[in-house]
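Participant: Quick one: this structure, given as structure tokens, is what I'll be asking you about.
Throughout, read-outs are computed from the coordinates displayed, never taken from laboratory work. Not measured: the values here are computed from a predicted model. All Cβ positions, glycine included, derive from the backbone under ideal geometry; neighbour counts span all protein chains shown.
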């Protein structure tokens, strides 16, 4: 067997293997991106789990295809700037972590508006810092744009059994349901209160042994939801909401 043949064969095999590996990486990358997208959509739907269940669609029974179908048919995804104005930009291209590294007046924020049998739910995504690393979440407001219908949270590195409970403790997250982010016309957000909730409309109990993480959630909700206030005010005006709806 000639040296030239061996060299040519080696080159061909190298090219073939490189193409196969490149194709494999593309396929796996696409699958990973799809799985991440579906996971994020499920987290958003978790904030409206109760209305979905009441409509006969418990989120625990939804297939991936059904999740995507809900977003295709019942969810309007919009981007807004710090002035509350809608931005003409590709929704899926937004990286909220990168947005939070920008000056506040330069940030773009995502809003998912879910329509369920004519009732609208507004899901706002927020981001902040816990004890060890980043924390983030979604808060859904009912059509009055004041009353919380649900919340979901996640984290990059909080302590298991302590700060990580913001993600894992469904009982703790359920406390957010029914809370108000406005007191009359004044934005007040929601406080994670060490030692237990004091204000039944605006507080939730803190997590035992996770004071710093709880404070991080409080700050995240204040800063995160405050950023959406111009959009909320505009939507309230369009929806004909009055201060009576906010008390």
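Participant: Let me know the Kirkwood hydrodynamic radius for region 172-230, please, with Cα pairs as the basis and the value in Å to one decimal.
Facilitator: Every distinct Cα pair counted, the radius reaches 11.6 Å.
Participant: So how do 202, 155 line up by other beta-carbon neighbours within 10 Å, fewest first?
Facilitator: 202, 155
Participant: Can you give the Rg to Rh ratio of the chain, both from alpha-carbon atoms, with Rh computed by the Kirkwood formula?
Facilitator: 1.12
Participant: If you line up the long axis of helix 64-74 against the longest principal axis of the chain, both from Cα atoms, how many degrees apart are they, to the nearest 10?
Facilitator: 50
Participant: Fewest first, what order do 208, 189 take by the number of other Cβ atoms within 10 Å?
Facilitator: Lowest to highest Cβ neighbour count: 208, 189.
Participant: Looking at the chain as a GNM with Cα springs under 10 Å, which of 164, 93, 83 has the largest mean-square fluctuation?
Facilitator: Per the Cα network of the chain with a 10 Å cutoff, 93 tops the list.
Participant: Continuing with this model, one more query. Among 157, 224, 214, whose mean-square fluctuation peaks in a Gaussian network model of the chain (Cα, cutoff 10 Å)?
Facilitator: Highest fluctuation of the listed residues: 157.
Participant: Comparing 92, 82, 170, which has the greatest mean-square fluctuation in the GNM of the chain with Cα pairs linked when under 10 Å apart?
Facilitator: Comparing 92, 82, 170 in a Gaussian network model of the chain, the most mobile one is 92.
Participant: Going by alpha carbons, how many degrees (0 to 90, nearest 10) lie between the helix axis of 3-46 and the longest principal axis of the chain?
Facilitator: 10
Participant: Is the shape of region 74-154 best called rounded, prolate or oblate, per the rule: a/c under 1.5 gives rounded, else a/b larger than b/c gives prolate, else oblate, with a ≥ b ≥ c the square roots of the Cα gyration tensor eigenvalues?
Facilitator: Oblate.
Participant: Note down the Stokes-Einstein diffusion coefficient of region 89-213 in µm²/s, whole number, using a Kirkwood radius over alpha carbon pairs, 4 °C, and 1.567 mPa s.
Facilitator: Translational D for this selection: 83 µm²/s.
Participant: Throw me the Rg/Rh for region 26-142, computed over C-alpha atoms with Kirkwood Rh, two decimals.
Facilitator: In region 26-142, Rg relative to Rh is 0.98.
Participant: State the Cα centre-to-centre distance between region 93-113 and region 172-222 in whole Å.
Facilitator: 23
Participant: If you rank 100, 122 by fewest surrounding Cβ atoms within 10 Å, what's the result?
Facilitator: 100, 122
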